[in-house]
Amino acid sequence: TTAPPLLKIDALEAWYGESHVLHGVGIEVRQGEVVTLLGRNGAGKTTTLRSIMGLVGRRTGSIAYEGREMIGLRSDLIARAGIGYCPEERGIFASLDVTENLMLPPVVRAGGLDLPTIYALFPNLKERARSPGTKLSGGEQQMLAIARILRTGARLLLLDEPTEGLAPVIVQQIGAMIREIKQRGFTVLLVEQNFRFAQTVADRHYVMEHGRVVDMVPNSDMASNVERLHEYLGV
Ligand code: ATP
């Protein structure tokens, strides 16, 4: 008997106003997996994450988290169910220091990491504990945005392009952070454009095109599918 997936999305359709963006998306993420959504700009990756969080105009289909239907729930209740969302713009408060930013989101469930644990895991953040958001590099802001979710008790992290705009050495640090989070039993669904990076962190990859999932590739098959993936991603 296999456990049901932590997240199971079926026949998901989503709209922004009149604009119909997702056309029957299906995705499964099992407990402890790191899964990426790959695809070109405009393929619907961000909209998929926003749909999970209830941040689109309208959505239909099914989004089951721990077997509970999320469609019809408000965003705050979806967060309370244990899903944490880190948007592309990261949402770090410039006037607050690192510790204040970490403490900001409410704890929604038991089982989150406490501040000492977070600082022990991510010493770069500890070094910057008293630095205001404005003084952080892009990479530090990204780490902080991810670490902040770990405190809330969320078990599923939705990350939108965590490596966007970061230098290669920082991208490696973000990769190490995601692997650490996985070790700790968190589950991650992330949007990526950088498929080399995706290969270093993920168990499986979904490819999206025009608001649909068009392929699923286990990470172990990535190398043998490079040409096909290049075609999808236009690289
Ligand atoms: P990107 O990496 O560019 O964000 P993506 O795969 O995440 O690409 P989405 O951002 O999900 O793609 O966009 C999917 C489609 O939805 C695009 O055609 C986009 O123009 C449209 N779209 C996105 N946000 C909105 C919005 N707020 N209102 C109307 N249309 C939108």
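Nothing in this text is a laboratory measurement; each read-out follows from the coordinates by a stated rule. Note that the structure is predicted; figures quoted are calculated from it, not measured. Neighbour counts run over all protein chains shown; Cβ positions are idealised from the backbone, glycine included.
A few remarks follow.
- Using 0.36 nm per residue and subtracting the Cα-Cα separation, the extra length available between residue 228 and residue 114 on full extension is 36.7 nm.
- Each Cα pair of region 129-232 feeds into the Kirkwood radius, which the Stokes-Einstein equation turns, at 4 °C and 1.567 mPa s, into a diffusion coefficient of 87 µm²/s.
- Listed from fewest to most Cβ neighbours within 10 Å, the set 75, 19 follows the order 19, 75.
- For the chain, with +1 on Lys and Arg beta carbons and -1 on Asp and Glu, the positive-most of 83, 187, 111 along the dipole: 111
- Note that the chain carries a Kirkwood radius of 18.0 Å, evaluated over its alpha carbons pair by pair.
- Length gained on full extension, residue 60 to residue 183: 40.9 nm, using 0.36 nm per residue less the C-alpha separation.
- Cα-based reach from residue 135 at 25 Å (exclusive), listing lysines while leaving out same-chain residues under 8 positions away: 126
- Distance (nanometres) between label positions extended 7 Å along Cα→Cβ at residue 137 and residue 41: 2.6
- Value at 222 nm in deg cm²/dmol, rounded to 500, when DSSP H runs of n ≥ 4 in the chain each add -39,500 (n - 2.57): -9000 deg cm²/dmol
- The length gained on full extension between residue 130 and residue 196, counted as 0.36 nm times the residue separation minus their Cα-Cα distance, comes to 20.4 nm.
- Dipole magnitude of region 174-213, debye to nearest 20 (Cβ charges: Lys/Arg +1, Asp/Glu -1, about Cα centre): 100
- Charge context of residue 199, other residues only, Cβ under 13 angstrom, K/R +1, D/E -1: 0
- Membrane-span-like helices of the chain, defined as complete DSSP H segments with a Cα extent of 15 Å or more along the helix axis and a mean Kyte hydropathy of at least -1.0, are identified as 138-151, 168-183.
- From least to most packed, judged by other beta carbons within 10 angstrom and beginning with the fewest, 135, 182 follow the order 135, 182.
- In terms of surrounding Cβ atoms within a 10 Å radius of their Cβ, 66, 231 rank from fewest to most as 231, 66.
- Paramagnetic label zone (point 7 Å from Cα along Cα-to-C-beta, residue 31; backbone N under 14 Å) in region 139-180: 155-156
- Considering only alpha-carbon pairs that sit under 8 angstrom and 6 or more positions apart, the relative contact order computed for the chain is 27 percent.
- Aspartates and glutamates whose Cα lies under 18 Å from that of residue 182, excluding same-chain neighbours fewer than 8 positions away: 28, 33, 66, 114, 160, 161, 192, 203
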